[in-house]
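The values are calculated or read from the model by the stated rules, or taken from the named source; none is laboratory data. What you see is a predicted model; the values in this text were computed from it and never measured. Here the Cβ is made from the backbone with ideal geometry for all residues, glycine too, and neighbour counts use every protein chain on show. Side chains included, ligands, DNA and RNA excluded: accessible areas come from the protein's heavy atoms. Shrake-Rupley method; radii C 1.70, N 1.55, O 1.52, S 1.80 Å.
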Amino acid sequence: METTAAPLTMPAAPAGVDAARRRRHLIGVAILLVAACVLPFLVGNYRVFQLTLVLAYSIALLGLNMLTGYNGQISLGHGAFYAIGAYTAAILMDKFGMPYWMTIPIAGAVCLIAGFLFGLPALRLEGLYLALATFALGVAMPQILKHKSLEQWTGGVQGIVIVKPEAPEGLGLSQDQWLYFFTLAWVVLMFFIGWNLLRGRIGRAMVAIRDQPVAAQAMGVNTSLVKSLTFGVSALYTGVAGALGSIAIQFVAPDSFNIFLSITLVVGVVIGGLASISGAIYGAFFIQFIPNVADQISKAAPWAIYGIFLLAFMYAMPTGVAGFVRILRARLRR
Amino acid sequence: MTIVPLRPLRWLAASAALAVASLSPNVFAQAAKYGPGASATEIKLGQTMPYSGPASAYGTIGKLHQAYFKMINDNGGINGRKVNLISLDDGYSPPKTVEQVRRLVEQDEVLALFQTLGTPPNSAIHKYVNGKKVPHLLLATGATKWGDPKNFPWTMGFNLSYQSEGEIYAKWLLKTKPDAKVAILYQNDDYGKDVLKGVKDGLGAAGAKMIVKEATYEVTDPTVDSQIIALQGSGADTFINITTPKFGAQAVRKAWDSGWKPLHIINNVSASVGSVLIPAGLDKSVGLVTVQYYKDPNDPQWKDDPAMLEWRAFMGRYYKEGDPKDASNLYAYITAQTMVQILKQCGNDLTRENVMKQAASLKNFKSALLLPGMSMNTSPTDFFPIQQAQLAKFTGQLWQGFGDVISTGAQP
Amino acid sequence: MDQLIHQILSGLATGGIYASVALALVMIYQATHLVNFAQGELAMFATYLAWALIQAGVPYWGAFAITVVSAFVGGVLIERIIIRPVENAPILAVVIVFIALLVIFNSLAGWIFSYTIKPFPSPFPAEPLFGNSYVSSHELGSMAITLVVLLMLFVFFRYTPLGLAMRAAAQNPESSRLVGIRVGWMLALGWGLAAAIGAIAGMMVAPTVFLEPNMMGGILLYAFAGALLGGIDSPGGAVLGGFIVGVLENVVGAYVGTELKLTVALIVIVGVLVVRPSGLFGKVHVTRV
């Protein structure tokens, strides 16, 4: 199954224009950051909590986008890595008393290994067959988490309750606001790393493998290594997101991480825009808020409304919101 | 002469005394007290329900609540105040439950939560609501941990505790069939495991010898036929069926079709004649044993029961799209009656503290839809409203209660 | 030994369910080169239609026929109206459309028909064949029907001009257009056939698992696995794959334990795919550089 998304880079332009565009881009990001920092003081704690979830999802979507958008490997099971990240953080905090901020990189590392290990046998599988294998992973994960042998760590079906982190003294922030900023810091870090990765050699290798695997191999790209690594990195991102998300929700249970979560992540990536970094943010807003909007519109069949939203978005913007924005900008520039 | 006559002076003194008396706290106690979500005209309650997702069959409970409160409001409300129940979908997903409950508490500022459904969803918000001191009442789940006033003073369950149910079956087996070879099928989640724990605790040391085979299933499994075959193959002569309606029906039917005729104990959740036994086949359900604490709407023995007729009238008038064969609709009615009782007991003091206090002061509250002889009782140390049940056997037509009403006295 | 036979036979019965849904999945794939995730929900919705007809008094086979025809028409309409706008969109956008259909039909079914389980009648006698206690007549009957449908599909694709046109349209749309084949209508036809097969599958499945909006969820996964195991472009392979998955699921559940049934069964399937990435009977695709 090929994913024919438009590549991110535009055709080369004269040097001056390039620098001006980059400056505009940086200003745009700066404005966004300022807005993100001011927002939690303008809205109530409940909204701040929702925005924290949006931030966590955006990291997960960036990870999945790397794998599916940039590298062309479809995964219907990324909810499993979200679960592994969430449980890693929960177990470390609950059973080992580790402070919450230390659990995030460990969750990421565990998922990096898990993703890489899963990516290795998956190398042989293409398109649909990879989709099935990842689907299987997504479906099986809750059952694995409930298994007797892991029960003393995972708490079995009862799950694990996580203690909400306190905001540091003297900052005058509520717990929700502090968590928001903590998550925001991770978003900035992960997005920066991701942006660098995708811009550089590895990113180009990933895109090359997606579009022209044989040519890429002929040019000396180690396709197996890059593909497995991409799986690993993508899992790392999703694991970090899972850890952050679970700390915000303060609870993990096996059935929270069912196949619907994996499907929701795919929806987020496609709606946001494949092969785009900003798409992760659009997608995160969509998957967090549109179900609530649908619920407001129709109490009787809210998911039917959600489905109609999906259809509307796909008809109007088949390349996602980011793709649509790109088209708009190109039109305006002319 | 300017001497003031005595009588007017006495009147003056009397009215002064009255004025002073009116300042005393006694009179002020009649004035209303309102917490968040309550006013002179409205009482706001909140709940999350699985209107979508794997447990969506229970969504009818929330819909019945809406219909019930509409009926109450049409008849003047509670102490003159209309009840507004804000019911949100959580799809049986704990993260969504957390989000929705935070909205109900922080944005909608409800007076209390009522009948939030499901053990994982409620586990996710358990600490939060107690931290925020929001009454978390009459949870629609039977997990035993909801009756723990010492650690979670704001949470009170409703259902007969699942562990208590399991214990009842176990103790009955020990008494009537101590040499039984028991096979158990249970749903691989908190609900199934809770009943299982009750069974094992009830059997005690004898359990290791009596239980010959256990099998689980996931809600995503299409059928449980394979599990039934495996359980039958173990040679068990007693089968404890801990399932939800769809799988309960499949299990009953498959056991019969495979020629396996054990002593078949089925848990209360899957004992509804309309939702389970009719699809499975009434002839295949003869001899089933369960516990009950409320009347089954399909049971012919309650056909002319006044409480049942009242319920049917309500269904016909206010909840036409509800299924009168679905026992969940009867269960929901009883819970709504209980909530109304608690709110009535609050009188004009509608603060969260008082709501909790009244919830913990149910004295012999009888809903006429409970089985005869049963009533609800709570106290500051007893947060289990339902602690009675009666064993019943299915005759092919109706559930025939046998034995005494059992009191469980469950502990968390 | 008796246990094993019983499990295998029961596995074949469940496998029959998976096989029939897998057939519908393959049908769509053969016509459009896409896997329709909404297949299960469309089948479920069609089954509810049949149920409503039967409740209204229509005799079983009459309801059956009306449902199959309506499903066919419905499938054609869905392709023309809902899938057409995204025909040239990236493949994942089409996947999202399928997910949207899945969610819409599931939600609509729950709204219109409620979520309580409903018994669905079977056209086959209630007494098991020869009084055996292993498989019911209905299970045998559904397996037979699946095989009949498979045979009809085989004949249709292999020996009829229309079948040939459909295969051509899926494999090479440009060349097909040049030869005069109306590719758009071939796709619609493919969808119609898949929906009809799905409706038959739903009506065969419902008596066993009971009719409710979430009936097809668990089945779709195993059907998908079966279809891919057998080879997504081989109808016969898909049916065989469905049976294999059914037996595997039962045997693993009985002998390894039900708590890891899903995991082990799926590890085995993935393992097979790693060894034979195109499935047992699928065509191995060789791309020229």
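Looking at C:Gly226, C:Gly236, C:Gly230, C:Gly242, can you tell me which residue is under 22 Å from A:Glu126 (Cα atoms), open to solvent by 10 Å² or more (accessible area, probe 1.4 Å), more than 7 Å from every other protein chain (Cβ to nearest Cβ) and at pLDDT 85 or above? The unique qualifying residue is C:Gly236.
Checking C:Ala194, C:Ala206, C:Ala169, C:Ala199 one by one, the residue that is more than 10 Å from every other protein chain (Cβ to nearest Cβ), modelled with pLDDT under 90 and buried (at least 23 other Cβ atoms within 10 Å of the Cβ) is C:Ala169 and no other.
In the list A:Tyr315, A:Tyr306, which residue meets the criterion of being within 14 Å of chain C (Cβ to nearest Cβ) and free of Cβ contacts under 8 Å to residues at least 12 places away in the same chain? Of A:Tyr315, A:Tyr306, the one residue that is within 14 Å of chain C (Cβ to nearest Cβ) and free of Cβ contacts under 8 Å to residues at least 12 places away in the same chain is A:Tyr315. The residue that is farthest from C:Val264 (Cα to Cα), among those in region A:103-136 that are assigned to a loop (DSSP other than H, G, I, E, B) and at the interface with chain C (Cβ under 8 Å from one of its Cβ atoms), is A:Glu126. For region A:58-85, the candidate set comprises residues that are within 23 Å of C:Pro90 (Cα to Cα) and hydroxyl-bearing (Ser, Thr, Tyr); within that set, the residue that is nearest to the other protein chains (Cβ to nearest Cβ) is A:Thr68. Within region A:172-179, identify whether any single residue is at pLDDT below 90 and more than 14 Å from chain B (Cβ to nearest Cβ), and answer yes or no. Yes: one or more hits. For C:Thr146, the requirement of being open to solvent by less than 30 Å² (accessible area, probe 1.4 Å), under 27 Å from C:Asn214 (Cβ atoms) and away from chain B (no Cβ under 11 Å) is met.
Checking each residue in region B:363-381 for being surrounded by fewer than 18 Cβ atoms within 10 Å (Cβ to Cβ) and more than 20 Å from B:Asp296 (Cα to Cα) picks out B:Lys363, B:Asn364, B:Asn377, B:Ser379, B:Pro380, B:Thr381. State whether the residues of region C:181-191 include one that is within 14 Å of chain B (Cβ to nearest Cβ) and either open to solvent by less than 30 Å² (accessible area, probe 1.4 Å) or within 27 Å of B:Tyr51 (Cβ to Cβ) (or both). No - not one qualifying residue is present in region C:181-191. All of B:Lys44, B:Lys33, B:Lys63 fail the test of being modelled with pLDDT under 90, in contact with a strand residue (DSSP E or B) (Cβ under 9 Å, 6 or more places away or on another chain) and surrounded by 10 or more Cβ atoms within 10 Å (Cβ to Cβ), apart from B:Lys33.
Matching residues to (1) within 30 Å of B:Trp146 (Cβ to Cβ); (2) among the polar types (S, T, N, Q); (3) out of contact with any helix residue (DSSP H, G or I) (no Cβ under 6 Å at 6 or more places or on another chain):
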| position | (1), (2), (3) |
| --- | --- |
| A:Ile160 | yes, no, no |
| A:Ala167 | no, no, no |
| A:Phe191 | no, no, yes |
| A:Met219 | no, no, yes |
| A:Leu225 | no, no, yes |
| A:Gly245 | yes, no, no |
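Run down B:Gly259, B:Gly248 and say which single residue is open to solvent by less than 10 Å² (accessible area, probe 1.4 Å), touching a Ser or Thr at 6+ places or on another chain (Cβ under 7 Å) and within 11 Å of chain C (Cβ to nearest Cβ). From the options B:Gly259, B:Gly248, the qualifying one is B:Gly248. Report yes if A:Ile263 is within 14 Å of another protein chain (Cβ to nearest Cβ) and open to solvent by 30 Å² or more (accessible area, probe 1.4 Å), otherwise no. In short, yes. Taking the numbered list (1) assigned to a loop (DSSP other than H, G, I, E, B); (2) within 14 Å of another protein chain (Cβ to nearest Cβ) in turn, B:Lys150 passes all entries but (2).
In region B:130-147, the qualifying residues are those that are of a type outside the set (D, E, K, R) and within 12 Å of another protein chain (Cβ to nearest Cβ), and the one that is surrounded by the fewest Cβ atoms within 10 Å (Cβ to Cβ) is B:Gly131. Just to be sure, is A:Ala167 within 14 Å of chain C (Cβ to nearest Cβ) and at pLDDT below 90? No. The helices (runs of 4 or more DSSP H) found entirely in region C:38-114 that carry 3 or more residues being within 14 Å of another protein chain (Cβ to nearest Cβ) and not small (Gly, Ala, Ser) are C:39-55, C:91-113. Among the candidates A:Ser234, A:Ser246, single out the residue that is among the hydroxyl-bearing types (Ser, Thr, Tyr), surrounded by 23 or more Cβ atoms within 10 Å (Cβ to Cβ) and over 21 Å from A:Leu76 (Cβ atoms). Testing whether each residue is among the hydroxyl-bearing types (Ser, Thr, Tyr), surrounded by 23 or more Cβ atoms within 10 Å (Cβ to Cβ) and over 21 Å from A:Leu76 (Cβ atoms) leaves just A:Ser246.
When each of B:Leu138, B:Leu111, B:Leu85 is tested for being on the phi > 0 side of the Ramachandran plot, in the same structural domain as B:Tyr68 (by TED's automatic domain parsing) and under 20 Å from the mean Cα position of the chain (by Cα), the lone residue that passes is B:Leu138.
Note on region C:267-281: among residues that are at the interface with chain A (Cβ under 9 Å from one of its Cβ atoms) and either open to solvent by less than 20 Å² (accessible area, probe 1.4 Å) or touching a residue at least 12 places away in the same chain (Cβ under 8 Å) (or both), the one that is nearest to A:Leu120 (Cα to Cα) is C:Leu273. Of everything in region C:88-124 that is in contact (Cβ under 8 Å) with a residue 40 or more places away in the chain and over 29 Å from B:Ala57 (Cβ atoms), the residue that is most open to solvent (accessible area, probe 1.4 Å) is C:Ile91. Residues that are under 17 Å from B:Asp221 (Cβ atoms) and of a type outside the set (S, T, N, Q) were ranked within region C:13-22; the one that is surrounded by the most Cβ atoms within 10 Å (Cβ to Cβ) is C:Tyr18.
Cβ separations smaller than 6 Å between residues 6+ apart or across chains give no pair from region A:202-226 residues that are more than 14 Å from chain C (Cβ to nearest Cβ) and without any contact (Cβ under 8 Å) to a residue 12 or more places away in the chain to residues that are surrounded by 15 or more Cβ atoms within 10 Å (Cβ to Cβ) and assigned to a helix (DSSP H, G or I).
Scan region C:125-138 for residues that are of a type in the set (Phe, Trp, Tyr) and free of Cβ contacts under 8 Å to residues at least 40 places away in the same chain and jot them down. Of everything in region C:125-138, just one residue is of a type in the set (Phe, Trp, Tyr) and free of Cβ contacts under 8 Å to residues at least 40 places away in the same chain, namely C:Phe130.
Among the residues of region B:265-272, is there at least one that is crowded, with 24+ Cβ neighbours inside 10 Å, within 30 Å of A:Pro254 (Cβ to Cβ) and within 12 Å of another protein chain (Cβ to nearest Cβ)? Looking for residues that are crowded, with 24+ Cβ neighbours inside 10 Å, within 30 Å of A:Pro254 (Cβ to Cβ) and within 12 Å of another protein chain (Cβ to nearest Cβ), one finds at least one in region B:265-272, hence yes.
From the set of residues in region B:101-111 that are within 9 Å of chain A (Cβ to nearest Cβ) and open to solvent by less than 20 Å² (accessible area, probe 1.4 Å), which is nearest to A:Leu51 (Cα to Cα)? Only one residue tops the list, namely B:Arg102. Of all residues in region C:245-266, those satisfying the criterion of being of a type in the set (A, V, I, L, M) and more than 8 Å from chain A (Cβ to nearest Cβ) are C:Val245, C:Val247, C:Leu248, C:Val251, C:Val252, C:Ala254, C:Val256, C:Val264, C:Ala265.
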